[in-house]
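**Q** This is the structure, below, for whatever I ask next.
The values are calculated or read from the model by the stated rules, or taken from the named source; none is laboratory data. Because the structure is predicted, anything quoted here is derived from the model rather than measured. Cβ coordinates were reconstructed from backbone atoms using ideal geometry, including for glycine residues, and neighbour counts include every protein chain displayed.
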Amino acid sequence: MMQEAEKTIVAKIRTDELTQTKREALDYEFSEFQAYIRGDDDADLYSATKQAADAYIDTENLRDDHEYPWFIRNDVFDVEPHDTELADWWMNIPVSQVYGGVNVPINPHEPIPDDAEVKDSKIVKEDGEYYAHFSIKQRVELQDEYDGVLAVDLGSRWVAVSVALLSRETTFYGEEIRQLRRHHQELRTRLQEKGAYDTLVSAKDSEWRAIDDRLHKISRQIVEDAKERNALIVIGNLEGVQNQDKGSEMNRRLHSMPHYTLKQYIKYKARFAGIGVKVVNEYNTSQTCWRCGEKENTERVGQGRHLCDECGLDDNADKNGATNIGKKGLGKDIQSPLSSLGGVYEPSLELGDDDETAAQVRVRLRDDSETPPSTSESAGRAK
């Protein structure tokens, strides 16, 4: 089954290998782009770039202290592989100062597929260096047979916890994001007290870049894990759950975690890998015991442990929730014991961001999968 997949490939422009003329042409075009989006209609800018700016930049809410991405239409630039001493990939960038544009060596973080369509893209400037962000589209075959499920719970302490059904091998991701957020919150407080507003804006940008980089790595690890296991990915949807009143501290911690961004990264990376993703509502997944299905006689001790008075389970709370998310992904009642899950399932997946086109896949859970301990569960491996 074929589906369209889109993602961004980032490539550093090798400015250290540019002639002075090429570097000055890039700097000039970038500077004129910033002037144009701020109302300078006479900015000396390549005409197609002005059209791209009009299409992508919201000029009503520009920050004076921020440099915005330089957008380029896909019909006016080229990116091609060339095996040279400087680089394996080259990009031709249209600029007003040089007829025919400038050819620059680039280092993409991954190869650009031959059959991919390169769409409108952008050039970002960070710390004096230029990075091309290529938006690409490609038709990818969606896998329709799976040997298991990798369930993902999005939480407040760990940004994500993944559990493989039926073995319940568990991986914890992203505790450092919460620590990073706390550090930058303290930093922002100090900067506000000093009135250092320019530094405050720079600190916010630095915080997001660090978090975004970590989210890309986490999503890549989750998708690679699913591919290695030949597993369908099932993610809990926090919409609605985040709007519940869980106390001021818990509400703050839930809303401070970038769950939506991580979910989108997992979905698009999985789509390119041909791995299916099913999103399910998290309702009752944290309260219900994964092992016996009890919902009333359970309790969550802090944010760390899930205790069940019915069967005596003492488990990691996020691991418990992720296991129930996996059950939901298969269409099972989460109050069904995990031991009843062996068999073949045919869940329906939504394809694309519009969630309108559906596809049915087949998941076979083997009864001989490793059975978890009867009472106490280990914390799993942390990442």
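**Q** Just wondering, is there one or more residues in the stretch 32-48 that are among the β-branched types (Val, Ile, Thr) and in contact (Cβ under 8 Å) with a residue 24 or more places away in the chain?
**A** So far as the stretch 32-48 goes, yes, one or more of its residues are among the β-branched types (Val, Ile, Thr) and in contact (Cβ under 8 Å) with a residue 24 or more places away in the chain.
**Q** In the stretch 246-342, which helices (runs of 4 or more DSSP H) lie fully inside it and hold 2 or more residues that are under 22 Å from residue 160 (Cβ atoms) and modelled with pLDDT of 90 or more? Outline the logic, then answer.
**A** Working: elements: 248-256, 259-273, 317-329.
Result: 259-273, 317-329.
**Q** Of the residues 355, 367, only one is at pLDDT below 85, within 29 Å of residue 270 (Cα to Cα), under 23 Å from the mean Cα position of the chain (by Cα) and part of a loop (DSSP other than H, G, I, E, B); which?
**A** Sole residue among the options that is at pLDDT below 85, within 29 Å of residue 270 (Cα to Cα), under 23 Å from the mean Cα position of the chain (by Cα) and part of a loop (DSSP other than H, G, I, E, B): 355.
**Q** Also, quick follow-up: Mind checking which residues of the stretch 62-80 are farther than 14 Å from residue 104 by Cβ and surrounded by 13 or more Cβ atoms within 10 Å (Cβ to Cβ)? Walk me through how you get there before you give the answer.
**A** Quick first cut of the stretch 62-80, residues farther than 14 Å from residue 104 by Cβ only: 62-69, 71, 73-76.
Those that are farther than 14 Å from residue 104 by Cβ and surrounded by 13 or more Cβ atoms within 10 Å (Cβ to Cβ): 62, 67, 68, 69, 71, 73, 74, 76.
**Q** What is the residue count in the stretch 77-93 for residues that are at pLDDT below 95 and in contact with a helix residue (DSSP H, G or I) (Cβ under 8 Å, 6 or more places away or on another chain)?
**A** 2
**Q** Which one of 59, 49 is modelled with pLDDT under 95, of a type outside the set (A, V, I, L, M, F, W, C) and buried (at least 16 other Cβ atoms within 10 Å of the Cβ)?
**A** 49
**Q** Could I ask something else about it? Would you check which residues across the stretch 146-172 are part of a strand (DSSP E or B) and more than 20 Å from residue 230 (Cα to Cα) and list them?
**A** Within the stretch 146-172, no residue meets the criteria.
**Q** Output the number of residues of the stretch 56-69 satisfying the condition of being of a type outside the set (Ser, Thr, Tyr), under 25 Å from the mean Cα position of the chain (by Cα) and either under 14 Å from residue 122 (Cα atoms) or assigned to a helix (DSSP H, G or I) (or both).
**A** 3
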